[in-house]
Structure formats: structure tokens, C-alpha cells
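Below is one structure; the comments refer to it alone.
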Amino acid sequence: MVIKPYGFTLWENMKDALDKMFKDTGHVNAYFPLFVPKSLFEAEEKNAEGFAKECAIVTHYRLKNDPENPGKLMVDPEAKLEEELVIRPTSEAIIWNTYKNWIQSYRDLPLLINQWANVVRWEMRTRLFLRTAEFLWQEGHTAHSTKAEAIEEAEKMLEVYAAFAEEFMALPVIKGVKSESERFAGAVETYTIEALMQDGKALQSGTSHFLGQNFAKAFDVKFMNKENQEEYVWATSWGVSTRLVGALIMAHSDDEGLVLPPRIAPYQVVIIPFLRKNDEELTATMIAKSEEIKKQLNAKGIRVQIDTDETKRAGFKFAEYELKGYPVRLVVGPRDLENNNCEIARRDTKEKSIVSLEHIDDYIEQLLEEIQQNIYQKAKTFRDANITKVDSFEEFKEVLETKGGFISAHWDGSTETEKKIQELTKATIRCIPQNNPQEEGKCVFTGNPSKERVLFAKAY
RNA sequence: CGGGGUGUAGCGCAGUCCGGUUAGCGCACCUGGUUUGGGACCAGGGGGUCGCAGGUUCGAAUCCUGCCACCCCGACCA
């Protein structure tokens, strides 16, 4: 997947906000290798198994000219690696192998490290942004001296993700834990934030894992505690990826194109001055005025772009910036300037209004905030309207087919039942929600007793 | 890997059944002019190994054989 500058800026803005949140919670960044020796990779069996089917592997380290096909290259059979290198699908293996050497004492703990990196998972079928063979992400890997502290860390980072999704991406999410079959390979517990796309399908948008001592045992990561006893460390890992860009697109867009929440939009405002090809004076006036407004907005920390392209008409530009999801369009023309006005159009509601240029910076600052809230509310209203409680399998199938969204249903807790339901309906358990109300009920599929509802959905 | 489909200009397509002008259309691109408050118009222009290789034929985008690539559905998955 190629990510062009506009899309990449979205990712950068997400990255910047997240990175700050990680730092604020005591984490630091580091970088670990892309290539993982196979022997390291396979050390934690469950994790290795979980990813085995989607690993790209480096087997050779050299090409040479193909004697049979002049001008072509071939893999040099002489350059076969003694040990194959797995291209990281995730970095637990190499990181824990490294942590082993960094941790000796409880004084070295907790170790709170994050890395921004690319990973490769050889997908059979890819989907732009949502599932690509190579993607960018961040992966936090932490080591703790107690189980409670590690669990607390995993839960804390889930909260960070949820806060980021809701406050920056205007994306309402449901926090919860994964069922056993959806759990990260090698984890004891996987926490997740689940979002709902406008087509009624769910999207796992971030996960945080309590890894127990699984990796510590696999990589022999021990520390000496205060009582002078050796113990295995407790671990977590957590990540979000460029999938979030896909989430953003699919959660908010409409028939006119993207709708970007101001807090991560590459530009929050586009200023479109009316220009005339053969009227240099007018053009100069309009551009000067635009620059003046831009300066004013920049002073408030607002990201602004001015479009001074004379070869495109205004109407064309309007449509184009709507397509790109710019939250606010500010138009200045001779007619407006006579009264010291401008025309403001907001992307989320498509409303246009004439606004005085006096205090335009305050006006837009407030408007951006309003748009941010409105986009979030709209998505939340949609999400809430698409969580349906069902109490029979017939109803389950009916809702899934006609309405989609999350289905809240009783489940007997068995993997077999979950699997059967998936085979019959394509729906999977997205999560067992946090603070889930406990209520007696019967499994929607088997009729076995159940003490809580879980959320099912078709998912990306 | 199984089922289905598509490869013709940067993009989207027609032409292929039934072989026969110089391979065409829309968008985009370039030049000039007129326009300009919601995706402008007119005129002119540039751009093609018709996926690749072989074959049949006087003649192949079109028929035959082989190969390749991509897309959709399924199995896998964040």
C-alpha cells in the first residue's frame, strides 16, 4: 500500500497525539530489528503458531546475474542463510530476547517502552488500510514486577486508546475483553476497543494484552525481587495501526467524500479566495486578505491552507475540498470584503453562513470544536442505534442480515458455540464489554445458562 | 488453492460473438480564446507494443494454443 501525503498526514497527526499520550503515561520510544531469527520467533509457541501462517521469511542474502537470462537477476543459491529470518509480524520475540539482558532487578522495573514500526503479515486478501500485507503501527512492550501492575498497565493503555479514538478521531468505541478464540496468541487476556462502521460492520481498532509470564518464561526474563528471590516478569503489549486511518474514513464519510474530525484533519480550514485570471489587482487583494486571515488563524494554532490556483473555478474547488474532508471552508470574494465578511461552510452539516471577519479566529476556533463534537455525536448516535439485543437465534440471524451492527446476546461461554455461530452467520464475538451488566439468561444458540450478554458482529 | 470475471491512452470504458478504413468515446493532460459566488464553454492538439509469447490467415484488438497479471467470492486474519 502506498500512502500518499494527504493520507500520511492523517496518520502523522494520529501518531503525534498518541505519542504524546504514551509519553504522558511514562513510556519512552525505542527501535528493534525488522528481522527476527526463526529460533527466537518460535520460542513462545502459542505466539509463533498464531502468526506462522502469515509470515514472510528471508532465506537468502544475495542476488546475482542470471547466466541463462542476461540482464536478469536470480537468487544466489550460494547465499542461503543458515538460519532463516522472519520479518516481524509483531515484535514480542525480539524484544523479550533483548529485555532478558536489560532486566536483572526489581529496580529495572517497570520497563515501559514503545516502538513505532512497520510489520508484515502475509494476508491472503488485503483491504486498503484495514488489512494490508505491510502496515505501520506502534507496539508498546512493558515489563512489570507484579501481575496486578501488568494488568493495570494493559487496562490503562486500553483507556488511552479509547480516549484517543473518541477525543481525536471522534470515533465512539466499546471497550471490552476478547473471547478465548479472538485473543492474541500468547496473551492471557486481550482488551479491545471495537468501533462500528457505517455499513454495520465492526472494526477492532486497538488492542492491549496482558501477557502474564508467557514471554518471560519463553525468553527466560527473570528479576531479583526485594526479598532476594528470582521471579519471572509480568508483561503487556499493546498496539494500534494505520488501520485507524481506514476506521476514520469508514466511520464518518458521506456521499460527498471524507468527513474528517478537526483534531486530526491535515488542514482544518481551507481558504478559497475568488480570483480572476485577468484581474491582477483583484487577485492580489484577495490573496493578501487570505494571507491575513491565515495568519490570524495560525496564531490560534489552526491549520490552514489557501488555494490560490487560478486555473480552477471556485465551484470545482468546493467539491474537491469536500471530497477531501476539510472541516471548514472559508471563502472570500469582492462581495464579502465590501462588508468585511466571508462565507463559512462546514463539512459535517454542509451548512453555509456569512460571518463577519472581525474575530474570525475566535469564531472558527469555536466552530472547529463544535464540528468535532458533532461528528462524534453523530457516530455515537448511529452506534447506539445499532446495538440490538436479541434473545433467539432466529432473531439473531434476522438482525444480522437486515440491520447489521452489534448484536447483544447471551452466550454459553464455549468456544464451540462461538465457532458454530460464526460458521452459520459469519458473525464473531467482538468483545465482552467492560462493566458488563450481569443477568441470568440462556445462550442464544444452545440454550445453555449464561450470566451475561456479549457483543457479536460481522467484522473487518 | 477452489469458483467467477477482467486485461484496449494516466483513469473509466466501447469495439472482440460474426477477422477487413487511419483502433474509438468520456474524463484527465497541453495551447488559445471567452468565462468565473457550486464540479465552465468553444476551438485546436498530444498521448496506444490492444497483458505477454507463439500459431492460423492475403489480413488479427477480434480466431486458436500456452503463459502472466489484476479484481470479486470462499478458506486465513488486525
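Points to keep in mind about this one:
- Condition check for A:Glu231 on (1) surrounded by fewer than 19 Cβ atoms within 10 Å (Cβ to Cβ); (2) outside the structural domain of A:Gln138 (by TED's automatic domain parsing): one failure, at (2).
- Which listed residue is hydrophobic (A, V, I, L, M, F, W, C), in contact with a Pro (Cβ under 6 Å, 6 or more places away or on another chain), in contact (Cβ under 8 Å) with a residue 12 or more places away in the chain and under 27 Å from A:Leu248 (Cα atoms), from A:Ala265, A:Ala345: A:Ala265
- Any hit, region A:258-277, residues being under 31 Å from the mean Cα position of the chain (by Cα) and modelled with pLDDT under 95: yes
- Count of residues meeting criterion [in contact (Cβ under 8 Å) with a residue 12 or more places away in the chain and more than 6 Å from RNA strand B (Cβ to nearest atom)] in region A:313-338: 11
To keep it simple, each residue is scored yes or no on (1) at pLDDT 95 or above; (2) away from RNA strand B (no atom under 14 Å from the Cβ); (3) within 17 Å of the chain's Cα centre (by Cα); (4) in a helix (DSSP H, G or I).
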site: A:Ala150; (1), (2), (3), (4): yes, yes, no, yes
site: A:Met157; (1), (2), (3), (4): yes, yes, yes, yes
site: A:Phe164; (1), (2), (3), (4): yes, yes, yes, yes
site: A:Ala170; (1), (2), (3), (4): yes, yes, yes, no
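- Matching option when the condition is touching a Phe, Trp or Tyr at 6+ places or on another chain (Cβ under 7 Å), over 30 Å from A:Phe168 (Cα atoms) and assigned to a helix (DSSP H, G or I), among A:Lys420, A:Lys397: A:Lys420
- Enumeration of residues in region A:383-394 that are surrounded by fewer than 17 Cβ atoms within 10 Å (Cβ to Cβ) and assigned to a helix (DSSP H, G or I): A:Asp384, A:Ala385, A:Glu394
- Test result for A:Glu231, in contact (Cβ under 8 Å) with a residue 12 or more places away in the chain, out of contact with any Cys (no Cβ under 8 Å at 6 or more places or on another chain) and either assigned to a strand (DSSP E or B) or of a type outside the set (Gly, Ala, Ser) (or both): yes
- Residue within region A:280-289 that is over 38 Å from the mean Cα position of the chain (by Cα) and near RNA strand B (Cβ under 8 Å from one of its atoms) present: no
- The single condition from (1) more than 13 Å from RNA strand B (Cβ to nearest atom); (2) touching a Lys or Arg at 6+ places or on another chain (Cβ under 7 Å) that A:Lys201 fails is (1).
- Looking at A:Ala284, A:Ala319, A:Ala299, just one residue is farther than 25 Å from A:Leu10 by Cα, among the small types (Gly, Ala, Ser) and surrounded by fewer than 19 Cβ atoms within 10 Å (Cβ to Cβ), and that residue is A:Ala284.
- Selection status of A:Arg303, under 34 Å from the mean Cα position of the chain (by Cα), of a type outside the set (S, T, N, Q), closer than 24 Å to A:Asn374 by Cβ and within 12 Å of RNA strand B (Cβ to nearest atom): no
- With a requirement of 2 or more residues that are among the aromatic types (Phe, Trp, Tyr) and more than 30 Å from A:Ala202 (Cβ to Cβ), the helices (runs of 4 or more DSSP H) lying completely within region A:278-381 that satisfy it span A:314-324.
- Of all residues in region A:238-259, those satisfying the criterion of being part of a strand (DSSP E or B) and over 21 Å from A:Thr132 (Cα atoms) are A:Asp254, A:Gly257.
The values are calculated or read from the model by the stated rules, or taken from the named source; none is laboratory data. None of these values were measured; they are calculated from a predicted model. Methodologically, a virtual Cβ is constructed for each residue, glycine included, from the backbone with ideal geometry; neighbour enumeration extends over all protein chains shown.
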